[in-house]
Amino acid sequence: MHYGLFCIRSLICARCVDTNEHLKKCYRCVDTFQLVDWPEITKAVVMATAVHDSYAGPWRYNYDDQEGLGTIVASQAYKTVNNFWYDGISVTASDFPKSIYFDVNAGEKVRFVITWDSHTNRHGGDTNKDALAADMDLHIFDPNGNYISGSYSWDNNYEVVEFTALTSGNYEAYITDYRFDDSYEWLGAAWSRRPTYTFTDSVSQGQDSTKHTFNVPEGTADIYTKLTMPSGTDFDLSVWDNLNRRTGGWTSTDYSTRTDIPNSQYSDWWADPEWVWVSPADTSSTWKTGTHAWYGSGTYTITVETA
């Protein structure tokens, strides 16, 4: 597994630079959209695929000053580049609003990023100038034109939206300019798509549920599995890898908690919701998850996110 740390205000950390160079070498040219010539696209790709949260773990989505958006997952970055999930355009004030369309499958976790440049004057001798001449905003709409989410910061040269797609189809990234002070800007965009799974079923007290299967691709950095149980019950979550190693709480045949899967953590039996976090996965192929109803009966929901 190859991570590269993405620092939210720069691309200067050694691992990030290493990943950037590999990305520039692996790109497939589409017209003039070459990563080697488009730092704006490269930065957007890195931000869109910095989906490993090494600090927060299961308490994800709280971007922090240490890790920013997250740590880049090289396999995700290659996937974005090889599938051409990026764009690069030169824009003027008259080009707004600007739309970029992209396909998504229902259930996927999507992160969409736009980036543009700050304006320096180092050749002119003013080494203190590093101004933002534009303030762009990002809005996401589903295939039916429904607003999903948006990003509206005012002091950054990027915007980031992350969402789980409820519908398959062609989504719209709708970009507006709150402020545009220069004659033009170079705008980069990129997005990542990560599989998620949702399993809902019923189980009776003292019984094990169905073992639900999900796919773990090679190079997976994170697997986060969460169990939501009925109120007043006590269910235990388990995850099995393709070698049948288990991490989780009790089952009907094993009255003990396990962390047999390498690099795994379990929330413990008292948590609600319960979770299992594997980071990184050391095997791929088909994994399984399920629950044991230690106390009470009812309908549960297990969600699995992979990155």
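The values are calculated or read from the model by the stated rules, or taken from the named source; none is laboratory data. From a predicted model like this one, the values you see are computed outputs, not experimental measurements. Using ideal geometry, Cβ is built from the backbone for each residue, glycine included, and neighbour counts are taken over all protein chains shown.
Candidates TRP277, TRP269: the one that is surrounded by 18 or more Cβ atoms within 10 Å (Cβ to Cβ) and either touching a helix residue (DSSP H, G or I) at 6+ places or on another chain (Cβ under 7 Å) or of a type outside the set (Ser, Thr, Tyr) (or both) is TRP277. Among the residues of region 128-149, is there at least one that is at pLDDT below 95 and of a type in the set (Val, Ile, Thr)? No, that holds for no residue.
Pick out, from region 154-226, the strands (runs of 3 or more DSSP E) lying fully within it that include 1 or more residues that are in contact (Cβ under 8 Å) with a residue 60 or more places away in the chain and charged (D, E, K, R).
Working: elements: 158-164, 169-180, 185-194, 196-203, 212-216.
Counting at least 1 such residues, we get 158-164, 169-180, 185-194, 196-203.
Number of residues in region 199-224 that are under 27 Å from the mean Cα position of the chain (by Cα), at pLDDT 95 or above and among the hydroxyl-bearing types (Ser, Thr, Tyr) equals 2.
Scanning region 211-259 for residues that are closer than 26 Å to SER284 by Cβ, surrounded by fewer than 21 Cβ atoms within 10 Å (Cβ to Cβ) and acidic (Asp, Glu) turns up GLU218, ASP254. Screening ALA106 with (1) buried (at least 18 other Cβ atoms within 10 Å of the Cβ); (2) among the hydrophobic types (A, V, I, L, M, F, W, C); (3) within 17 Å of the chain's Cα centre (by Cα) gives one miss only, at (1).
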